[in-house]
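A short write-up of the structure that comes next.
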Amino acid sequence: MNLRGILHNLRNMRPGGQRPLPGWMRGRYGVDQLGRVTSTASLVCLLLTLVPRLGFLLYVGVALLALSYWRMLSRNVAGRYRENATYLAYLGRLRRRWDRVKARTAGRRTHHFLRCSGCGAEMKVPRGKGKVRITCPSCKTQFVRKV
Ligand SMILES: [Zn+2]
């Protein structure tokens with residue numbers, strides 16, 4: 001089987017057997033979100049080995065491919081499920097952080113983003129109001145700022 005065939009198979013297998021699995025796959029974990037990321041990353045690494053001086057990525061790519069297969073063929077379904085849950089939780093945190101950065105960038109022209117000196121909570125204060133007394137919505141600390 002060539003690499004494309006392998007990756008095609010990786011992509012089309014689902015945990016829990018939503019489609020009929022071949023006999024040798026029975027009781028094995030299959031592919032989850034984390035598996036899709038590791039197999040895609042391995043493909044990217046293997047493609048990047050074509051770029052001069054990036055040949056070392058061959059090792060990374062092969063390691064990621066081996067990891068993808070090892071997880072896919074694993075019979076420790078609970079363990080693999082936990083790994084995927086950890087990955088999804090991390091992804092969620094990353095997404096929320098990114099959304100905050102985006103909201104901040106969008107509001108920068110009209111609002112100041114301040115941190116409370118008491119509890120460190122972030123708050124949004126409209127610009128151009130002169131000196132204002134700000135009360136932290138979470139710990140009620142008051143402070144005066146020019147905005
Ligand atoms: Zn506060």
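No lab work stands behind these numbers, since they all come straight from the coordinates. All values reported here derive from a predicted model rather than from experimental measurement. Note: ideal-geometry Cβ built from the backbone for every residue, glycine included; neighbour counts use all protein chains shown.
Set Lys and Arg Cβ to +1 and Asp and Glu Cβ to -1, take the dipole of the chain about its Cα centre, and tell me which of G55, L34, F113 lies farthest positive.
F113
Based on the mean of other beta carbon atoms within 10 Å per residue, what is the order of 70-78, 128-136, most packed first? Intermediate results must be reported in sequence, preceding the final value.
Working: 70-78: 13.9, 128-136: 11.2.
Peptide ranking by packing, descending: 70-78, 128-136.
On the Cα set of segment 38-147, report Rg and Dmax in Å, please.
Taking only Cα atoms of segment 38-147, I get Rg and Dmax of 23.4, 64 Å.
If the chain between R115 and L73 were fully stretched, how many nm would it gain, using 0.36 nm times the residue separation less the Cα-Cα distance? Write out the running numbers ahead of the final one.
Working: separation 42, 0.36 × 42 = 15.12 nm, distance 4.82 nm.
Length gained between R115 and L73: 10.3 nm.
Return the calculated 222 nm mean residue ellipticity for the chain, to the nearest 500 deg cm²/dmol, obtained by summing -39500 (n - 2.57) across DSSP H runs with n ≥ 4 and dividing by the residue count.
Details: 4 runs with 74 residues, N = 147.
Calculated at 222 nm, the ellipticity per residue is -17000 deg cm²/dmol.
When the chain is modelled as a GNM with alpha-carbon springs shorter than 10 Å, which of S42, S117, S68 fluctuates the most?
S117
Name every cysteine in the chain that ends up alone, with no second cysteine's Cβ under 4.7 Å, or say none.
Isolated Cys, the chain: C45.
In segment 86-147, what is the volume of the convex hull around the alpha carbon atoms, normalised per residue and reported in Å³?
Cα convex hull per residue, to the nearest whole number: 78 Å³.
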